[in-house]
1. Out of all the residues in segment 111-132, which are assigned to a strand (DSSP E or B) and not polar (S, T, N, Q)?
2. Which condition number does residue 65 fail, the rest of (1) outside any strand (DSSP E or B); (2) at pLDDT below 75 being met?
3. Tell me which of these residue 102 doesn't satisfy, since it passes every other one: (1) farther than 13 Å from residue 23 by Cα; (2) part of a strand (DSSP E or B); (3) open to solvent by less than 70 Å² (accessible area, probe 1.4 Å).
4. Can you tell me how many residues within segment 86-103 are closer than 23 Å to residue 75 by Cα and free of Cβ contacts under 8 Å to residues at least 60 places away in the same chain?
5. Which members of segment 108-126 meet the condition of being surrounded by 14 or more Cβ atoms within 10 Å (Cβ to Cβ) and under 19 Å from residue 53 (Cα atoms)?
6. In the set 60, 55, 17, which member is modelled with pLDDT of 95 or more and either assigned to a loop (DSSP other than H, G, I, E, B) or closer than 12 Å to residue 126 by Cα (or both)?
7. Does residue 5 fit the bill of being among the polar types (S, T, N, Q), at negative phi, at pLDDT below 95 and part of a loop (DSSP other than H, G, I, E, B)?
8. Could you say which residue among 74, 95, 137 is crowded, with 16+ Cβ neighbours inside 10 Å, at pLDDT below 85 and touching a Ser or Thr at 6+ places or on another chain (Cβ under 9 Å)?
Amino acid sequence: NGDGTIYRNDSTEVSISGDATVTEGAAAAYTVTLTNPIEGAGADLTVDYQATDGSAIVASDLDFSVTSANPDSVTVSEGDTTAGFSYTTYADSYVEAAEDYKVVLTGAATGNSEVDSRITISTPDATTIIDDNDTAVVSLSGPATVTEDPVTGNMLLNFTITVDNTHVMGTGQVTVDY
């Protein structure tokens, strides 16, 4: 047995780590790590992964997308202990809360059944939060002075409320309390 090498009775654990937070429009990077390199298997290790929707959803509002060469797997070359891939998050103009998604490891194999039987996934997922970078400014304008009705003491005030970004997620409305 060599140090860190899978031979007859050695094993390795596969884990994933990634950016915990990314700003909308940036790429989130992920690393697949082995506790020991695989050598003598006659093949590289293919690690399968899948992004799962959290509050960020790939299908409906297109919050993130795969940017690696093979969106369903990453290859750890024989003798290496790491490989990486990324997801790009989309910049939009919607004012929205932070959203999250998870990348889950779904399998790891070399094609050599003897070696594959000693490979386990120890950390199966990594969660990333997409921080929104959009804002909406609400402005209120009205008369600078008002005149009170001398008889009733009442006055009518007209104000204009302006929102500079009409892409507000959720209800699509802005509520102003006064």
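The values are calculated or read from the model by the stated rules, or taken from the named source; none is laboratory data. Quick caveat, the model's predicted, so the values are computed rather than measured. Heads up, the Cβs are rebuilt from the backbone with ideal geometry, glycines too, and the neighbour counts pull from every protein chain shown. We work out accessible area using only protein heavy atoms, side chains counted, and drop any ligands, DNA or RNA first. Shrake-Rupley method; radii C 1.70, N 1.55, O 1.52, S 1.80 Å.
1. Just the residues of segment 111-132 that are assigned to a strand (DSSP E or B), to begin with: 119-123, 125-131.
Once the filter is applied, which keeps residues that are assigned to a strand (DSSP E or B) and not polar (S, T, N, Q), segment 111-132 yields 119, 121, 125, 126, 129, 130, 131.
2. Just one mismatch for residue 65, condition (1).
3. (3)
4. Going through segment 86-103 one residue at a time, the tally reaches 3.
5. 124, 125, 126
6. Of 60, 55, 17, the one residue that is modelled with pLDDT of 95 or more and either assigned to a loop (DSSP other than H, G, I, E, B) or closer than 12 Å to residue 126 by Cα (or both) is 17.
7. yes
8. Numbers: 74 fails: at pLDDT below 85; 137 fails: crowded, with 16+ Cβ neighbours inside 10 Å.
The match here is 95.
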